[in-house]
Amino acid sequence: MTRSRLLGALTVAAIAATVALLGGVFHNSPSAPASALAGSQSAEDFKAGFALNASTSALILSLQSTLRSTPGDEHSWALLGLAYQQRARETGDPSYYTKSEGSLRRAAALDGKDYLVYSGLGSLALSRHRFRVALAYGREAHRLAPTIARNYGVIGDALVELGRYRDAFHDFDVMSRLRPSLASYARVSYGRELLGQTGRATKAMKLAIDAATDTIEPTAWTHVQLGKLFFNHGRYAAAAREDRFALRVFPGYAYGLDALAQAEAALGHTAQAISLEHRAVAAIPLPQYVAFLGDLYRASGRPLLARRQYALIGAIEQLLHANGVRTDLEIALFQVDHGIDLEGALRRARVGRAERPSIDGDDVLAWALARTGHCGEALAYSKQALRLGTRDSLKFFHRGMIERCLGHRSVARAWFTRALRLNPQFSVLWPPVARRLAR
């Protein structure tokens, strides 16, 4: 593999690495948070570097061999740092983030003017949910290479998570003009979904699929994202079709197994959903997968098995924290949903929202406030969470619960009805509650 092809393969390494560990706790929110796209690069890069028989492990071994003979090769250290980020995505092992940081720091010590190092550090910071740090690294990468599309992606991803949507969407537009690609189309799709433009979001994600036609993982990933778009708007059979296609392209793909499990659960195929989610957890034991499996057990009347799954979340959180990943917002949402230490969850939600003042941060804090009786304050954050016009049944449900807490029963029923009309099976836990309260 040539050096340019290796660069292509590894600069895409974080196509969804930042969602791989905890970003996806927002299981039924818009399809792929911007941080899930961090560091992604063009379809051309994927096609050049990720040949059908390529593997990240092989790329890592190749780079390690190069560095044993030429330890002063700065560029190989940078590429190795990006490869470790991709490996974290593939395995769910956050220790690869620590390895990535070590490699990127070594590259920076050898050459402090390589934009790829700062871009890689930016995508690593996004993976760890350190969005202000990511923004600073992205801007430094842009200063060094102002015409490189990747740098706009890192900056835009950070801005989305910091709630600065106008600036983020501008950067995504610039990125797509500089280099139309899987990475830019996926970001455009996500931005459109945030704005409630479902049809246009779907069109952009289909363009992303077209841009990844001869590669394995990127093709599978984009089909999963399109499936999530369908799922979030109640099109479960269409979602399952995309997820199955992803699994044909990439057998055993954990993200495809998890997405298909959600679609099967929504279609009423609980046993099939449990089987699929077991396989996803076995492949990559991510906390969102473990929590979803627990919810499936809970909904099917097996509370002991559910509790066993939920008990694993704490250990996974500790592992993430040890490798620099912030999880306050995601763990707060899990705790609030499951009635675990609600006051502690509220404290977590406040910390998490301060780190991530996005519509997701607003929504989790609103939900935590509502569940602890602070419903007036919750309403203000819920309004912020819906300020873009995002069509998200879970956010609609939370708003309904807040309005009901405030005694606004007719307004609450309207929100519950809206959530159910958009996506009748928007979660395992809450649709029965929404249906009961909508009457």
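The values are calculated or read from the model by the stated rules, or taken from the named source; none is laboratory data. What you are looking at is a predicted structure, and each value in this text was computed from that prediction instead of being measured. Here Cβ is always computed from backbone atoms with ideal geometry, including for glycine, and neighbour counts include all displayed protein chains. All accessible areas refer to the heavy atoms of the entire protein, side chains included, with ligands and DNA or RNA removed. Shrake-Rupley method; radii C 1.70, N 1.55, O 1.52, S 1.80 Å.
Has region 98-119 got any residue that is part of a helix (DSSP H, G or I), buried (at least 24 other Cβ atoms within 10 Å of the Cβ), small (Gly, Ala, Ser) and touching a Ser or Thr at 6+ places or on another chain (Cβ under 7 Å)? Checked region 98-119: no residue is part of a helix (DSSP H, G or I), buried (at least 24 other Cβ atoms within 10 Å of the Cβ), small (Gly, Ala, Ser) and touching a Ser or Thr at 6+ places or on another chain (Cβ under 7 Å).
Of all residues in region 273-305, which are part of a loop (DSSP other than H, G, I, E, B) and open to solvent by less than 10 Å² (accessible area, probe 1.4 Å)? Even if it seems obvious, please write down each step before you answer.
So in region 273-305, the residues part of a loop (DSSP other than H, G, I, E, B) come out as 284-286, 300-302.
Answer for region 273-305, where residues must be part of a loop (DSSP other than H, G, I, E, B) and open to solvent by less than 10 Å² (accessible area, probe 1.4 Å): Ile284, Leu286.
Within region 302-318, identify whether any single residue is touching a residue at least 60 places away in the same chain (Cβ under 8 Å) and either within 20 Å of Glu277 (Cβ to Cβ) or in contact with a strand residue (DSSP E or B) (Cβ under 7 Å, 6 or more places away or on another chain) (or both), and answer yes or no.
We begin by selecting, within region 302-318, every residue touching a residue at least 60 places away in the same chain (Cβ under 8 Å); these are none.
Within region 302-318 (the criterion being touching a residue at least 60 places away in the same chain (Cβ under 8 Å) and either within 20 Å of Glu277 (Cβ to Cβ) or in contact with a strand residue (DSSP E or B) (Cβ under 7 Å, 6 or more places away or on another chain) (or both)), the answer is no, since none of the residues qualifies.
The conditions of being at pLDDT 95 or above and open to solvent by 20 Å² or more (accessible area, probe 1.4 Å) are met by Thr270. Counting only helices (runs of 4 or more DSSP H) wholly contained in region 178-255, the ones carrying 2 or more residues that are open to solvent by less than 40 Å² (accessible area, probe 1.4 Å) and of a type in the set (Phe, Trp, Tyr) occupy 217-231. Report whether or not Leu420 is in contact with a helix residue (DSSP H, G or I) (Cβ under 9 Å, 6 or more places away or on another chain), open to solvent by 10 Å² or more (accessible area, probe 1.4 Å), over 24 Å from Tyr289 (Cα atoms) and of a type in the set (A, V, I, L, M). Taking the combined requirement at face value, the residue does not satisfy it. Considering region 398-417 alone, what residues qualify as being assigned to a helix (DSSP H, G or I), touching a residue at least 24 places away in the same chain (Cβ under 8 Å) and open to solvent by 50 Å² or more (accessible area, probe 1.4 Å)? Answer for region 398-417, where residues must be assigned to a helix (DSSP H, G or I), touching a residue at least 24 places away in the same chain (Cβ under 8 Å) and open to solvent by 50 Å² or more (accessible area, probe 1.4 Å): Arg404, Cys405, Arg413. Under the condition of being basic (Lys, Arg) and in a helix (DSSP H, G or I), the residues counted in region 312-360 number 4. If you go through region 367-378 one residue at a time, do you hit one that is at pLDDT 95 or above, over 19 Å from the mean Cα position of the chain (by Cα), surrounded by fewer than 18 Cβ atoms within 10 Å (Cβ to Cβ) and among the aliphatic types (A, V, I, L, M)? Taking every residue of region 367-378 in turn, none turns out to be at pLDDT 95 or above, over 19 Å from the mean Cα position of the chain (by Cα), surrounded by fewer than 18 Cβ atoms within 10 Å (Cβ to Cβ) and among the aliphatic types (A, V, I, L, M).
Here Arg166 qualifies as assigned to a helix (DSSP H, G or I), without any contact (Cβ under 8 Å) to a residue 12 or more places away in the chain and out of contact with any helix residue (DSSP H, G or I) (no Cβ under 6 Å at 6 or more places or on another chain).
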